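These notes are about the structure you will find just below.
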Amino acid sequence: MTFRIGPRTSQIIFYVILLTMTAIVVIVLFFIIFYVLRNGVDQLTLEFLSDKTREMGKEGGILPSILGTLFITVVATVIATPLGVGSAVYLVEYTRAGPIRRIISFGADCLAGVPSIIFGLFGFIFFVISMNLGWSILSGGLTLAVMILPTIIRTSEEAIKSVPHTYREISYSLGGGKLDTILRVVIPTALPGILTGVILGIGRAVGETAAVIFTAGSSLGLPTSIFSSTRTLAVHFYILAREGISMPKAYGTAAVLIIIILAINFIAYRLMHRFIARYY
Amino acid sequence: MKDKIAEKLLLFIALSAIISLMLITFFIFQQGIPLIFKAGLGNFLSLKWAPTRGGFGILSMVVGSLMVTAGALAVGIPFGLAAAIFLAEFSSKAIQKTLKPIIELLAGIPSVVYGFIGIVILVPFIRETFGGPGFSVLAASIILGIMILPTIVSISYDALLAVPNTYREGSYAVGATKWQTVVLLLLPAARSGIVAGIILGMGRAIGETMAVIMIAGNALKIPGSILDSVRTLTSTIALELGYAAGDHRGALFACGSILFLIIIVLNIIAIRITSRK
């Protein structure tokens, strides 16, 4: 006689397995965040955040890296936002299903899957060498702009798509042209969704290492212009950890990175939810 | 008039993504392909990597990349699918709303942080439990497996939710349990989306760089076991680009070309699967 497990029992067994595996995933995430914060949080003094980096990072603070990260992210965002939002507007408002839309969508989807080391290679040969911009905030920012472009396109596209059609029709019926309608009705309505995309892009840029280490370099001086080489927080953390320069400083830098990433994701999540609550 | 100019300008802007992709393709290949011809296919596909002395063999790195990617999938697929099924089919709306952004947060954590967690926790654990150097295929597989989770979970979850509710209702009506419905109906119906998610996860794993450098050990040989050190295509590029010149730099771009080719093929497969609805 063969032993058979009834459908009710198998249901319970698999429910428990799924629950356990999901729980493990969530626990791993919380563990990573908790572990980094617990070890890094007592490094987070005002001095650490506002002091120059000394002796390759063994002493002093992380001010140059904070500024470097900020400047590179600003350059990337300022370039990628108009390109990304413009692409999304064109996709939703000006194209129908057809070859042009397929090509643009393919470009965005494919770019989204390109790994950061390829962006690093490209930025190095194109911006740093061919365009002669050197290792600089500008080269790093341009490289990251290309990298975060698909995130902004895709999120803005969804946001613009979800603006109710009646809004556009009312604007047309009041005599508004297409461009007026887009600028005064569609974009303002979709703004929280668009901002979510921009913020998620910023999150990617802040945490990036491979694409900036070969385009912005790893100089520890305070940046003076967009042509200065700089070392972002992620790159600084990588060098501290890998070369074992200072574990306490590495934990401190990691904690700063994690706090920024958590804040960015929290803001993006809140914005998205307010947007969804309004239109769905 | 104003509308016409705006449309032309927006078309130009909208081509930025595809133009970037073409520029990337052109520059990576233009820098990498000539070296493959110069070195010859025999040399390029050999085991000897000594780029300053004419050895351009990338075989051990290709094998390394494939090994850690396979390992990452072995970790990421079961956990990713389990979480997606649990969220889509066995959770209330409230749990979905809480857990989905939490799992997506995993995608936001920088890869250097994953690498660091690997160095301080996973590597010592593997060294003390299983022996070997700790910096290994196993360590890289586990960390990469965690890193590709959000991709697999998000896309599989969306694919499961897209299965019409009539499937579930019909199945319950004939007396099937939830689990039977999942296995017999929902997973087959959502198959293409799930496969696309796995392929994109695979692309992420094969292209990941910083986390792998920090925990894989980077020894230049084909690993004999999962406890051995391993070096991938991506780690070689990142470790050597800083000081490479001439043919050595060309060889790194050749590695990049191979990697880029693999990624583009994976992307195209995933895009075709998801747009075939």
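The values are calculated or read from the model by the stated rules, or taken from the named source; none is laboratory data. Note that the structure is predicted; figures quoted are calculated from it, not measured. Here Cβ is always computed from backbone atoms with ideal geometry, including for glycine, and neighbour counts include all displayed protein chains.
Descriptive notes on the structure:
- Any hit, region A:190-207, residues being more than 19 Å from the chain's Cα centre (by Cα), free of Cβ contacts under 8 Å to residues at least 40 places away in the same chain and either surrounded by fewer than 24 Cβ atoms within 10 Å (Cβ to Cβ) or closer than 23 Å to A:Ile137 by Cβ (or both): no
- Which numbered condition B:Gly242 misses (of (1) of a type in the set (Gly, Ala, Ser); (2) surrounded by fewer than 21 Cβ atoms within 10 Å (Cβ to Cβ); (3) within 19 Å of B:Ile36 (Cβ to Cβ)): (3)
- Residue in region A:143-154 that is small (Gly, Ala, Ser), within 22 Å of B:Ser111 (Cα to Cα), facing chain B (nearest Cβ under 8 Å) and in contact (Cβ under 8 Å) with a residue 40 or more places away in the chain present: no
- Options A:Ile187, A:Ile239; residue that is touching a helix residue (DSSP H, G or I) at 6+ places or on another chain (Cβ under 8 Å) and either more than 11 Å from every other protein chain (Cβ to nearest Cβ) or at positive phi (or both): A:Ile187
- Tally of residues being in contact with a Leu (Cβ under 8 Å, 6 or more places away or on another chain) and either without any contact (Cβ under 8 Å) to a residue 12 or more places away in the chain or at the interface with chain B (Cβ under 8 Å from one of its Cβ atoms) (or both) across region A:104-118: 10
- Residue that is surrounded by the fewest Cβ atoms within 10 Å (Cβ to Cβ) [pool: residues in region A:7-44 that are more than 9 Å from chain B (Cβ to nearest Cβ) and in contact (Cβ under 8 Å) with a residue 40 or more places away in the chain]: A:Val41
- Selected residue [hydroxyl-bearing (Ser, Thr, Tyr), touching a residue at least 60 places away in the same chain (Cβ under 8 Å), more than 10 Å from every other protein chain (Cβ to nearest Cβ) and surrounded by fewer than 24 Cβ atoms within 10 Å (Cβ to Cβ)] from A:Thr77, A:Thr69: A:Thr77
- Restricting attention to region B:58-77, the residues that are farther than 18 Å from B:Ser229 by Cα and buried (at least 19 other Cβ atoms within 10 Å of the Cβ) total 4.
- When region A:125-142 is filtered for residues that are more than 7 Å from every other protein chain (Cβ to nearest Cβ) and either of a type in the set (A, V, I, L, M, F, W, C) or not in a helix (DSSP H, G or I) (or both), the ones remaining, listed by number, are A:Phe127, A:Val128, A:Ile129, A:Met131, A:Asn132, A:Leu133, A:Gly134, A:Trp135, A:Ser136, A:Ile137, A:Leu138, A:Leu142.
- None of A:Ile62, A:Ile72, A:Ile12 is of a type outside the set (Asp, Glu), on the phi < 0 side of the Ramachandran plot, at pLDDT 90 or above and not assigned by TED's automatic domain parsing to the domain that holds A:His236 except A:Ile12.
- Residues that are more than 18 Å from B:Met22 (Cβ to Cβ) and more than 9 Å from chain A (Cβ to nearest Cβ) within region B:256-272 comprise B:Ile258, B:Ile262, B:Ile269, B:Arg272, listed in sequence order.
- The helices (runs of 4 or more DSSP H) found entirely in region B:44-146 that carry 3 or more residues being within 14 Å of chain A (Cβ to nearest Cβ) and closer than 21 Å to B:Gly193 by Cβ are B:59-89, B:93-108.
- Any pair with Cβ under 8 angstrom, 6 or more apart, that starts in region A:45-56 at a residue that is farther than 13 Å from A:Leu233 by Cα and free of Cβ contacts under 8 Å to residues at least 60 places away in the same chain and ends at one that is among the hydrophobic types (A, V, I, L, M, F, W, C) and part of a helix (DSSP H, G or I): A:Ser50/A:Leu63; A:Asp51/A:Leu63
- Residue among A:Val186, A:Val256 that is under 13 Å from A:Ser65 (Cβ atoms) and assigned to a helix (DSSP H, G or I): A:Val256
- Apart from one condition, B:Leu241 fits all of (1) within 11 Å of another protein chain (Cβ to nearest Cβ); (2) over 15 Å from A:Phe119 (Cα atoms); (3) without any contact (Cβ under 8 Å) to a residue 24 or more places away in the chain; the exception is (2).
- Given (1) within 27 Å of A:Ile199 (Cβ to Cβ); (2) touching a residue at least 60 places away in the same chain (Cβ under 8 Å); (3) hydroxyl-bearing (Ser, Thr, Tyr), index of the condition A:Tyr238 fails: (2)
- Condition check for A:Ala205: in contact with a Leu (Cβ under 7 Å, 6 or more places away or on another chain), more than 17 Å from B:Met214 (Cβ to Cβ) and not hydroxyl-bearing (Ser, Thr, Tyr): yes
- Residues that are within 11 Å of another protein chain (Cβ to nearest Cβ), out of contact with any Gly (no Cβ under 7 Å at 6 or more places or on another chain) and touching a residue at least 60 places away in the same chain (Cβ under 8 Å), drawn from region A:257-267: A:Ile258, A:Leu262
- In region A:93-103, the residues that are of a type in the set (Lys, Arg) and facing chain B (nearest Cβ under 8 Å): none
- Residue match in region B:164-173 (condition: in contact with a Ser or Thr (Cβ under 8 Å, 6 or more places away or on another chain), β-branched (Val, Ile, Thr) and either surrounded by fewer than 24 Cβ atoms within 10 Å (Cβ to Cβ) or not in a loop (DSSP other than H, G, I, E, B) (or both)): no
- Selection status of B:Leu184, within 18 Å of A:Ile12 (Cα to Cα) and in a helix (DSSP H, G or I): yes
- Evaluation of B:Val212 against (1) of a type in the set (Val, Ile, Thr); (2) within 16 Å of A:Thr209 (Cα to Cα); (3) free of Cβ contacts under 8 Å to residues at least 24 places away in the same chain (one fails), failing number: (3)
- Screening A:Gly244 against (1) small (Gly, Ala, Ser); (2) more than 10 Å from every other protein chain (Cβ to nearest Cβ); (3) surrounded by fewer than 23 Cβ atoms within 10 Å (Cβ to Cβ) leaves a single unmet condition, (2).
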